[in-house]
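A quick write-up on the structure given underneath.
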Amino acid sequence: MDVLNFRALEQSDVKSLQRLFMESLSELIRRERFEDADLLDEEVARLNTTIQDHFDDDTVHLYVVEEDGTIVGAGALLPPNEIISGHLELERDAIELGSVYVTPDMQRQGVGQYVLSEMRREMLAQKRHVFYLDAGFPSAQTYWQKRLGAPTLVLEHYWGPGAPHMIWRIDLKDMK
């Protein structure tokens, strides 16, 4: 892996980021063997809304990670989504760490850890000390449990029998 560059999303990045989201989600849905035909379209539409919000809403900040000029990862800081805000009492000025994706050919090479590290640095620069994160895909849940520990809340059977949704509340001073 060459040198990684973390920066805010620029308008010229949109098509590359949309491609990263599509590739990552397609691979994730295939690997997880989800049968919901609309899931990919719904997730891509949600992420495209986040992209647009980055340019239109000063509470949404989307970042990309580049390697040799190619976008290989992304993450966002934004107001907590409805699943989080509907199930936890949030601190004032709460923030969610979301839209964390790494292109499939760069997964398991430290890019996700780099995104998390840079997002932590960005939150501290914004004087944020607590963030929320949620995950519904089983592999994402496993990843975040390894990185962040046990979730704060597990919504059992949220997506159907045996399909929980997990929410974390993380204080940055407790992060490794």
Residue count for the stretch 29-56, restricted to those that are polar (S, T, N, Q) and either free of Cβ contacts under 8 Å to residues at least 24 places away in the same chain or surrounded by fewer than 11 Cβ atoms within 10 Å (Cβ to Cβ) (or both) = 2
Residue list for the stretch 83-103, filter: farther than 14 Å from Trp168 by Cα and either surrounded by fewer than 17 Cβ atoms within 10 Å (Cβ to Cβ) or among the hydroxyl-bearing types (Ser, Thr, Tyr) (or both) = Arg92, Asp93, Ser99, Tyr101, Thr103
In the stretch 1-29, anything in a helix (DSSP H, G or I) and β-branched (Val, Ile, Thr) is listed as Val14, Ile29
Identify all residues within the stretch 155-171 that are surrounded by 13 or more Cβ atoms within 10 Å (Cβ to Cβ) and either of a type in the set (Phe, Trp, Tyr) or at pLDDT 90 or above (or both); write none if there are none.
-> Leu155, Tyr158, Trp159, Pro164, His165, Met166, Ile167, Trp168, Arg169, Ile170
Test each condition in (1) in contact (Cβ under 8 Å) with a residue 12 or more places away in the chain; (2) assigned to a loop (DSSP other than H, G, I, E, B); (3) more than 23 Å from Arg7 (Cβ to Cβ); (4) not hydrophobic (A, V, I, L, M, F, W, C) for Thr59 and report the one that comes out false.
-> (3)
Taking the condition assigned to a helix (DSSP H, G or I), of a type in the set (Gly, Ala, Ser) and on the phi < 0 side of the Ramachandran plot, does Ala140 pass?
-> yes
Failed criterion for Val115 (all others in (1) modelled with pLDDT of 95 or more; (2) aliphatic (A, V, I, L, M); (3) closer than 24 Å to Leu172 by Cα hold) = (1)
Can you find even one residue in the stretch 30-42 that is within 23 Å of Lys127 (Cβ to Cβ) and not hydrophobic (A, V, I, L, M, F, W, C)?
-> no
Check the stretch 94-101 and report whether any residue there is at positive phi and either of a type in the set (Val, Ile, Thr) or in a strand (DSSP E or B) (or both).
-> yes
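The values are calculated or read from the model by the stated rules, or taken from the named source; none is laboratory data. All figures in this text were calculated on a predicted structure; none of them were measured in a lab. Here Cβ is always computed from backbone atoms with ideal geometry, including for glycine, and neighbour counts include all displayed protein chains.
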